[in-house]
Structure formats: structure tokens, C-alpha cells
1. Is it the case that segment B:130-146 has a residue that's in contact (Cβ under 8 Å) with a residue 60 or more places away in the chain, buried (at least 24 other Cβ atoms within 10 Å of the Cβ), part of a helix (DSSP H, G or I) and of a type outside the set (Lys, Arg)?
2. I'd like to know if segment B:240-253 contains one or more residues that are within 14 Å of chain A (Cβ to nearest Cβ), at pLDDT below 90 and touching a Pro at 6+ places or on another chain (Cβ under 6 Å).
3. Restrict the check to segment A:429-442 and report whether at least one residue is buried (at least 20 other Cβ atoms within 10 Å of the Cβ), within 30 Å of B:ASN249 (Cα to Cα), in the same structural domain as A:ALA259 (by TED's automatic domain parsing) and not small (Gly, Ala, Ser).
4. Where residues in segment A:501-522 are free of Cβ contacts under 8 Å to residues at least 12 places away in the same chain and surrounded by 13 or more Cβ atoms within 10 Å (Cβ to Cβ), which of them is farthest from B:GLY208 (Cα to Cα)?
5. Considering each of A:GLU155, A:GLU99 in turn, give the residue that is outside the structural domain of A:ALA193 (by TED's automatic domain parsing), of a type in the set (D, E, K, R), more than 20 Å from A:SER205 (Cα to Cα) and surrounded by fewer than 18 Cβ atoms within 10 Å (Cβ to Cβ).
6. May I ask you to list the residues in segment A:208-254 that are over 30 Å from A:VAL390 (Cβ atoms) and at the interface with chain B (Cβ under 10 Å from one of its Cβ atoms)?
7. Go through segment B:216-230 and count every residue that is touching an Asp or Glu at 6+ places or on another chain (Cβ under 8 Å) and not basic (Lys, Arg).
8. Being over 24 Å from the mean Cα position of the chain (by Cα), within 10 Å of chain B (Cβ to nearest Cβ) and closer than 15 Å to A:ASP469 by Cα is the filter here, so list the residues in segment A:483-529 that pass it.
Amino acid sequence: MILRALWMLLLPLLLLPGVARGQDAPLGEIIARFANVEKFDQTEALVRELGATGDPGVRPVLEALAEGNLYVRKVDNAIFIVPGSGKVLKLIDPLTGEEADEASSSALKKVRVNNGLRRLIRDVLSTLTLGAKSAEARMAAADTMFANPDPAMIEALDAAIEAESDPAVKLRMERARAAAVVLSDLPESDKIAAIELLGSLGDRSVLSLLATVEANADGDLQRAAADAIAEIRSVLAAWDAAQNVWFGISLGSVLLLAAIGLAITFGVMGVINMAHGEMVMVGAYTTFVVQGAVHAFAPALQEWSLAFALPLAFLVAGAIGVAIERGIIRFLYGRPLETLLATWGVSLVLQQAVRMIFGPSNREVGNPSWMSGSFEIGQMVITWNRLWIVAFSLGVFVLLLFVFNRTSWGLHMRAVTQNRRMASSMGIRTPWVDAFTFGLGSGIAGIAGVALSQVGNVSPNLGQSYIIDSFMVVVFGGVGNLWGTLLGAFSLGIANKFLEPYAGAVLGKIIVLVLIILFIQKRPRGLFALKGRAVEA
Amino acid sequence: MYLKSKRRSLVMGAVIVSGMLMAEPGFAQEDTIKVGVLHSLSGTMAISETTLKDVMLMLIEEQNKKGGLLGKKLEAVVVDPASDWPLFAEKARELISVHGVAAVFGCWTSVSRKSVLPVFEELNSLLFYPVQYEGEESQRNVFYTGAAPNQQAIPAVDYLMNEEGVERWVLAGTDYVYPQTTNKILQAYLESKGVAPEDIMVNYTPFGHSDWQTIVTDIKNFGSAGKKTAVVSTINGDANVPFYKELANQGIKAEDIPVVAFSVGEEELAGIDTGPLVGHLAAWNYFQSVESEANAEFIETWHAFTGDESRVTNDPMEAHYIGFNMWVKAVEKAGTTDPDAVIDAIVGVSVPNLSGGYSTMMPNHHITKPVLIGEIQDDGQFEIVWETPGLVVGDEWSDYLPDSKDLIADWRAPLSCGNFNVATGKCGGKGIN
């Protein structure tokens, strides 16, 4: 509390740059004491002490400490900020921010931090950064204050709101102020205004605060809180539904990617390809290899390694697909049971081969920065990697549709599937069409692997986890129809995600499976059944 | 011709692959003691178990360099149960009756252990089981060198409660016996500490669950109630990578909602970019980052044995290290590899563990271990932030479950019972013994 009061006094001063700088000498002394800490509570005391100086100069030190970049040089117990890693490290003076020296990593000892400390540092920094230059830092500061509302901060926040130019940051500051007002001794009218502001934001995180107000207050205040809670709940219900739809679409896009190759090999050609999942795995491992190669030979292109991996994964998986078709499947056309067993055998061989080449453990495939993190739309969180995968899967779908309906190759493919003998009599080389169709299906599975390596594991078992889902989508959507696969994937995804909050992930999956079985009983050919002679062929 | 050679090469390939699958070290010589290694080298569990096979081969090689055991060389017999639970029982039988091994080191999942139990009982052999498990079991022929729930789960929850001030709990796990039993114990424990039932959220997911969007959002919403929230994760194996990726992408930081995991170690982190995960926790009895001479030596031997400086060490490896040395010591003490003699001799045997202390085999066939809590670092290692002041004795029958709190196990004569009920004074309270 005393500390907070101190902030209140100091903050207005801090907001004016250049005024009230602490003196360097005591700061250096406090920092030097990091060399002797043994326990976390000692570090904690030092962090508090640094914060209490109110000197903006402590920021780099505290930030470095939170990130684990603060080191002690073993020879002379001097403290340095050491960004980056490696054998030889640059030492940066914590006060001046200038490069002081170099040292090998073995000559340094890290100042240890844990979660509690990182949290404390964030809190200490937030008060220091309310007037920071970057909008992001100010926003973070406002959010931290909102998380720990304290009536003593109201004045500081008022000053900050006054000076703020960025509307988004200003809103966060007002939110933090409103939270503090609700807990303060200010007149009831102020509090009701604050509650109304909080209610209008429709934010989940204010619910618990309002609930405590509702429980402890009476009269108008209680009524205002109850109204605000009801308002937030109704807004949130709509957002929750939207969020579920988005989750469903994103799960659907993963299903679509995994299944669309199968929609070609199983749907169009009628081959039950149990090694389909392994083609996805081959694509994912290709991504891993490409990423390693890019890292070794062209580190500058690291961010775009996925772009190189896509065509390569298509070629590698496609080539394996053609090899399987030429080597095994073409002898087994018209014998579905044998095809099933043979391709299952192939899947085991491929799995074990990958296990022997790359080892049994997971391989790390990095996410490029444009696929990491998330952004918010209202109360909904959308992660970048999911968004890209949705876009990518739709792109692949459109491309395939084009190949099938607008190219001569697609025409041949459709001709062969519909009536093989007639197509053959018309001069189409059916064996080649078979091989290429199978290669195309496998290649598409390969590029699905590139995308799936961004959300899941890259391990020899990768394929197994997708094969059942893929068959489910293709059978549900209707064999031999790409549109059916698209609709099947998205409806299964959305159904799954709407069931999950109520039934849990395990039961949700079972319910979906039961529903599909019932559906197939009613419509054995799936959503979009092919009609006419093609079916009998 | 073209076709034929293609077909032939395919057959050749198949032969080579199957040959490698079945590879077993050469024919037995008369004067060796055989040690069985029963870990999956293919299938789902190969990801975790292959390393344990390697560490056993290393330990046996090291022991042979020291002159073997009872004047004889040790010989490893490796079989591959292929992550197939019934096959575990068959392979165990093959190890004992065909190869005549003196002891078996193996199994990972509880299902596989349960499947081999009757075999070890019937043929009276020894199994050293190196993985943390749910407890509620003590068998005469089995030695549990991994952690019981009180050697991992309960200290971890204590840490979060006392050091991080956590008041709201998400118990997330994969849907099978280990997470379910552990969560039951934890729920009872938390409620005994005064946590309200509405402050505990339990969530199960299928094996290999890959779409964590809904659950991570639920966790985030559950954590926005104003009370400090933590996730206790018994999520197993492959499902962890997408779970942590989703946490990172949705911006859940360890400072806000820390996740403490019981099945995530150095090996599992190898498949993830740990940058966004710094600060999430794991509870184990050993971390590669432990500073002790024994550990430095162990890591050096491991790197030399595998010829790969980047191979990490983990907790189940340490369990095998302890178990193997205990067996060696017990055999030396008994002067024979006869299972009955070893079972009698091994209780009370103490060997150094890798964290700088000694572990002892207790009469309940569990061992004493320190409990360590580590925070994930950006290099994929753990930084130890807390450890129990002393060693913790493995408690096979949990004190927090109503139907097992009166049970104890003591395999010394005259009790010789794995489920002695102290309330009724009878052996055979619960379970299959």
C-alpha cells in the first residue's frame, strides 16, 4: 500500500520525461547485489527495491531479468545484460546500455527467475511504462493495472488518459480506471458510471469484479452491477457461438486437407489406400528436412521455408504415390480387400522406414512468425496458423476443382473413372491416368502434411492419427465428389466443436461417429451421391 | 525385366525391414547372465520407449566394462512388443521361458504393465518398471522405480498452492487409467485442502488429440474469474505438442496460467519450439539440468554411447539407472540371480541416484526419490525452481482415496502382502493380488 502511494506521487513526475531521474550511483549498487542472490525471495526484494527507485533506467535491467538475460560474470561478480546465446557472448552494461565486453558462456552465471518473479517484474514495470513511448507497452501497463485494480492508481490513470492519443490504449486505460473506481470510496454516481462502462465493454474478465460488487453492494449500485452482468452475458453468448463456428471451420479445414487427397484416390479411383496417412507424414518430414536445409544454407529465407517445402512435398509424396501405384496397386484393381491389406503393409513399411531414418521421437518444425500468435475480433481469439490453414485448404480445393473440371488431364481422369473401357477405346492411356491420378492424390496429401506440421506433431505416427478421420469425411461427403468432401469436412468440424463444450472431447467424438453411422444407414452414398451409370461401374 | 527387378527390390526391402525389426543380439553363450529389455521399438510408444532400450544397452555395456556380474558377462536380450499390449505378455513369456533372462527391464504404459503382470507372477521372474504411474498396485515380482502419485503429483500441487498462490485448478488429462486415477487422487487432495469443487475443472481428451482450440479457450475463460489459476496436465505423449502450440498461439503465458505437466520431459520438448513456453512447469524426480557429479558422468557416458551430443536424458532413464544398479547390487548381495533370493535381498538396497543422493528400495517395492519442480527454458531444458527437502517414499496405495487409504504393502516376511488392510488386519483388501 505504501509502495502504491509512492507510485502515485512519483508517476506524474515520471510522465514528464527528463524530470526526476534517480541518481546512478545507488542504482548501480542495487544492481550489483544480484551477484549474491541465492534464493528467489532475495531476487524479489531486489526487484522491489529497484522498482521503488522510480528510475526509468531500471527498465532494461528488469526486462533482461524477466527474459533470463541477466548474467553474473564469475570472475568479478559484475552484472551484465547478455542478449542471445552461443559460445561467445556480448556483454552489455546494464546502466549505460553499451557493449562492455565479450565472454564465453561458461564464464557467466545466469540470475535465475521463476513465474512469480516474472509476474512481479511485469507489475513493477507496468507502473513505470504507463507513460512509455510504445503504445504496446502502455497497453500492457493498463492491462496489468486492470488485473490488479487499486483505487490509489486512479489519479495516475487520469493523467495518463488525459495524455493518451491512441484510442485503443485509451479504452484499456479507461477500463483499468473504471475497475479501480468500483473498488474506491468515490460517490455512488461515479461507481455506477464506471459499472456501466465496464458492462458496455462486454468483456469476460470484468465478470468476477462485477460479481463481487453485486454481492457486497445494495440499492442502485447492486442493480447496476446486475444489469451490467446480464448485458455482458448476453454479448458473450453470441461471441461464444461465433467462436465455436470458427473453431469448427478451422477443424474442418484440417479435416479437408487430410481428406482431399483421399477423395481423389478413394473417391475418384475407388482404391482403399491405407497408406494415405503416411503420404501426409512424408510431406511433414519433407518440411522438416527443407527447414533444416534452409537453416543451414540460406538462413535469411528461414521465414519462407514453407514455400519451398510445398512443391517439394508434392513431388516427393507424389513420386512415392506413383511408385506404389505402379509397383503394387495396379495388380490389385478390382480386389478391394487385397488392396486394403497391401496398402496397409506399405503404410507400416513407410512408418518404420521414417522411424529408422529420422528416429522415433518428434521432430521440431518451426512456425514462421507470420503464422504465430493470434489476434482478437471482439471477444473472439483467432490464431494466425489456423487462419492460414483455412485459407490454404480452400486454395488447394479450388486448385483441384480447376484441375478436374478445366484441364484435359482432369477430363481424362473423369472419363476413366466413369467408364474405363470406353475411355480406353477413345485412345486414353488408362494405366498412365491411373498412375498420375494416384500420384496427384498422394501429392496433395504431401502438401497437406506441410500444413499439418504447423499445428501438430511431426512423428512417424502422424499419418495414423488422420487416416480414420479422412475416411470418415470422404464416406460422409459422398464418394467421388469433391464438393461432398468440402461440405463433409466442414460440417463434421462444426458439429464436433459445438458438441465439445457440452459433451467433452471424448464423448463428442463418439457422438459424431454414431451420427455418421446413422446417416450412412439412411444415405449409404453420403451427402452427394453420384448418380447414373458411373455408380455401377 | 524392369518389372521383375522392381518387384524383387520391393521384396528385398521388405526382408531388410523385417530383419531389422527382429534383430536380436547373437546366440547365447553359456557363461552369460541374460537381461531382458521389453520396450516398444515400433508403433505409437516407440517415441518414448526406444530411448529406454538404448539406455539399458548402455548400462549393461558399462557393467560389463566393470567386470560383469558374479564373474559373468551380462547379455541384453531385446524384444519388440510393438506398442501392442497383448504382445507385451507374449514377449515377456518369450524372454523368461525361451531366453531364460534373470530380470526384465521394461514397459511404459500402465496397460502394458497390467498385461505382463500375470506372466511375471506365473513364471516367477522380475520386472523393473521405470515410469511414473498411478499407484494402487504392489506386486511381488515388480519393482516400481518411477514415481508414485505422492512422488510427483502431490508435491507439484503443493508447490503451485504455496509458492504461486494458485486457487483455481484445471486437471487436464488423456482419457486412460493413469490420468484418471491421478486426477481422482488430486481432486480428493485439493478438496481436503479446502478448494471448492467449483474451483476445479476436470477435462479428458482422447489419445493423440490434436485440436485443442476449444479446451484452451475454456481454460482461458476458467482462468479469467479473478483467482489465480493453474493447469495440472496429465496429457500423454503426442497430444502435448499441439496443446502447447495452441497455448502459445492463444497467448497464454506461464505468468498468467502456468501449466505443470507430469508426462512432459526433455525428450518430449525436443519436438517443440520452447520459446513461448518458458516458465511452464514439470514435476519429475530427475532433470538433465541437475547439477551433480553422477549426472555429469551419466550424460557424458550417454553422449559417448549414442555418439550424439544432442541426445537428452530424462526421468525414466534415471529410473532404469537406479533400477539396474539396485538389481546388480541385490544379485551381488544374494550371490545368485534366482528371483526369490533377489526379491529378498533387494529390499533395503541403496544406490546413488543422479541428483546427488541415494535411493533405497522400500518393502513396498517402490523407491525413495527427491521431487523436483522445473521451469521450461528456451533451450528445451528445465531450470529447477524447487525441490523437496528430503527424499519421498513412494506410497503405492494413496491416502486420499477412500478405498485404498487403509491398505499398505510389505513384501518382507512374515507379512509378504501387496495389499494388507490395516483396518481389518487381512491381506487382500483390493486389487488382483
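The values are calculated or read from the model by the stated rules, or taken from the named source; none is laboratory data. These figures come from a predicted structure and were not determined experimentally. Cβ: placed from backbone, ideal geometry, glycine included. Neighbour counts: every protein chain shown.
1. Within segment B:130-146, none of the residues are in contact (Cβ under 8 Å) with a residue 60 or more places away in the chain, buried (at least 24 other Cβ atoms within 10 Å of the Cβ), part of a helix (DSSP H, G or I) and of a type outside the set (Lys, Arg).
2. Taking every residue of segment B:240-253 in turn, at least one turns out to be within 14 Å of chain A (Cβ to nearest Cβ), at pLDDT below 90 and touching a Pro at 6+ places or on another chain (Cβ under 6 Å).
3. Within segment A:429-442 (the criterion being buried (at least 20 other Cβ atoms within 10 Å of the Cβ), within 30 Å of B:ASN249 (Cα to Cα), in the same structural domain as A:ALA259 (by TED's automatic domain parsing) and not small (Gly, Ala, Ser)), the answer is no, since none of the residues qualifies.
4. A:ALA503
5. Values: A:GLU155 fails: outside the structural domain of A:ALA193 (by TED's automatic domain parsing).
Criteria check complete, one pass: A:GLU99.
6. Matches in segment A:208-254: A:SER208, A:LEU209, A:ALA211, A:THR212.
7. So in segment B:216-230, the residues touching an Asp or Glu at 6+ places or on another chain (Cβ under 8 Å) come out as B:216, B:223, B:227-230.
In the following step, the residues that additionally are not basic (Lys, Arg) were identified as B:216, B:223, B:229-230.
Looking only at that region, the number is 4.
8. A:ILE510
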